[in-house]
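Visitor: Take a look at the following structure, please.
The values are calculated or read from the model by the stated rules, or taken from the named source; none is laboratory data. Since we're looking at a predicted model, the values are computed, not measured. As a convention, Cβ positions derive from the backbone with ideal geometry for all residues, glycine included, and neighbour counts pool all protein chains shown. Just the protein is used for accessible areas: all its heavy atoms, side chains included, with ligands, DNA and RNA removed. Shrake-Rupley method; radii C 1.70, N 1.55, O 1.52, S 1.80 Å.
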Amino acid sequence: MKTLFIIPLVVCSTFSYANVQTSTTNLSDAFSNKRDPGGYFSTGLVLEHQQGLYKSEGFKSRLSLRGAYYFENGLFLELPGFSDKFESNFAVGYNLANVGDWEFDSIFSTAHGELNYNYREDSFNKNSTPYIGLRAMGTIAGLDAMFTYGVNTNKSNFSGGHYAAAWLAKSWNVQNWHFFSSVGLQYRNDEILDYYYGVPESAKYHPTFNADGGFNFIYKMGVKKPISENWLVEGFLSYTDYADSIVDSPYSQNILKFNEGRSDKGSRISVSLHYVF
């Protein structure tokens, strides 16, 4: 429960900190000045090796679509992709305010993807969990930072779901190469994790399990290099340490037991070639 109070407090404190930093911008200007309009779109081919609870170890190739567009009125669409230094989920939002080098948005995105589990009568298909919330992005001590807090909007499956994330990243350029390294914490409370990983008493082949809220720890490192005006080469790796209640769930333990190449840690290594419009 402490997290439910701490994360919104961090977002509000960040706004206060940003407002103190910028003496020439009053509160009215902060809400009326929107992010510069514009955007990009790219498509490409990705070759990656991944392993985790949801994917068996192996290589695969896939097409990639990424992009973002920021409208003059403050609305925006984002599809950042896995190689983004922060969150990788599709998001729709509205730029609420800009103070100094901090941007504050209302955002609609996804707190957990859909989960399909197949084991006799205990099989299930559970939809993704969308959330609506607030996001703050800026810099702290020379580091790029992002804080997000939201509540689930799909009340038909469960209610009271809370999602929060905090990211710090460092980027630097060496000649024509762009490097980044980032760490992130993603929190999902017990309502969200119990919906996906809790086992009800009615289950026939799994012991009853109540999933508590917990944190995913994520580390990313990547590099980008333009090879022409429109072509971009990228590479990145990521590592995910899942929340204890995710790994301890009887569903997850069954996945690890009966699916070769699965792991209780997530990893992804990728190289790609993108054309940027």
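Visitor: If a residue has to be buried (at least 20 other Cβ atoms within 10 Å of the Cβ) and under 15 Å from the mean Cα position of the chain (by Cα) to count, how many in region 216-239 make the cut?
Guide: Selection size over region 216-239: 3.
Visitor: May I ask you to list pairs of residues, at least six apart or on different chains, whose Cβ atoms are under 8 Å apart, with the first in region 46-71 being over 11 Å from GLU260 (Cα atoms) and touching a residue at least 40 places away in the same chain (Cβ under 8 Å) and the second being open to solvent by 90 Å² or more (accessible area, probe 1.4 Å) and outside any strand (DSSP E or B)?
Guide: HIS49/GLU57; GLN50/GLU57
Visitor: Moving on to the next point. Select from region 94-106 the residues that are open to solvent by 10 Å² or more (accessible area, probe 1.4 Å) and without any contact (Cβ under 8 Å) to a residue 60 or more places away in the chain and list them in ascending order.
Guide: Across region 94-106, the qualifying residues are TYR94, SER106.
Visitor: Moving on. When only residues in region 68-87 that are of a type in the set (Ser, Thr, Tyr) and modelled with pLDDT of 95 or more count, which is nearest to ASP36 (Cα to Cα)?
Guide: Out of the qualifying residues, it is TYR70.
Visitor: In the list ASP144, ASP105, which residue meets the criterion of being under 19 Å from LEU77 (Cβ atoms) and assigned to a strand (DSSP E or B)?
Guide: ASP105
Visitor: What tally of residues in region 118-141 results from selecting those that are part of a strand (DSSP E or B) and either out of contact with any strand residue (DSSP E or B) (no Cβ under 6 Å at 6 or more places or on another chain) or crowded, with 17+ Cβ neighbours inside 10 Å (or both)?
Guide: Qualifying residue count for the region: 11.
Visitor: Could you check, for region 188-211, whether at least one of its residues is farther than 30 Å from ARG120 by Cα and either among the hydrophobic types (A, V, I, L, M, F, W, C) or open to solvent by less than 60 Å² (accessible area, probe 1.4 Å) (or both)?
Guide: no
Visitor: Let me ask another. Quick check, is ARG268 more than 26 Å from PHE86 (Cβ to Cβ), crowded, with 16+ Cβ neighbours inside 10 Å and not acidic (Asp, Glu)?
Guide: no
Visitor: Looking at (1) out of contact with any Lys or Arg (no Cβ under 7 Å at 6 or more places or on another chain); (2) outside any strand (DSSP E or B); (3) not acidic (Asp, Glu), find the lone condition where LEU77 falls short.
Guide: Exception for LEU77: condition (2).
Visitor: Now for a different question. Being of a type in the set (Ser, Thr, Tyr), in contact with a helix residue (DSSP H, G or I) (Cβ under 6 Å, 6 or more places away or on another chain) and modelled with pLDDT of 95 or more, is that true of even one residue in region 181-200?
Guide: yes
Visitor: Right, next: Quick check on my filter: what residues within region 32-73 are open to solvent by 70 Å² or more (accessible area, probe 1.4 Å) and of a type in the set (Lys, Arg)?
Guide: LYS55, LYS60, listed by residue number.
Visitor: Something else: Sort out which residues of region 164-222 are in contact with a His (Cβ under 9 Å, 6 or more places away or on another chain), without any contact (Cβ under 8 Å) to a residue 60 or more places away in the chain and within 20 Å of ILE140 (Cβ to Cβ), and write them in order of number.
Guide: If the condition is that a residue be in contact with a His (Cβ under 9 Å, 6 or more places away or on another chain), without any contact (Cβ under 8 Å) to a residue 60 or more places away in the chain and within 20 Å of ILE140 (Cβ to Cβ), then TRP172 is the only one that fits.
Visitor: Oh, and also: Quick check on PHE86: is it in contact with a strand residue (DSSP E or B) (Cβ under 7 Å, 6 or more places away or on another chain), assigned to a strand (DSSP E or B) and either touching a residue at least 40 places away in the same chain (Cβ under 8 Å) or not β-branched (Val, Ile, Thr) (or both)?
Guide: no
Visitor: On the basis of being open to solvent by less than 40 Å² (accessible area, probe 1.4 Å), more than 30 Å from LEU47 (Cα to Cα) and not in a strand (DSSP E or B), does ALA164 make the cut?
Guide: It is false that ALA164 is open to solvent by less than 40 Å² (accessible area, probe 1.4 Å), more than 30 Å from LEU47 (Cα to Cα) and not in a strand (DSSP E or B).
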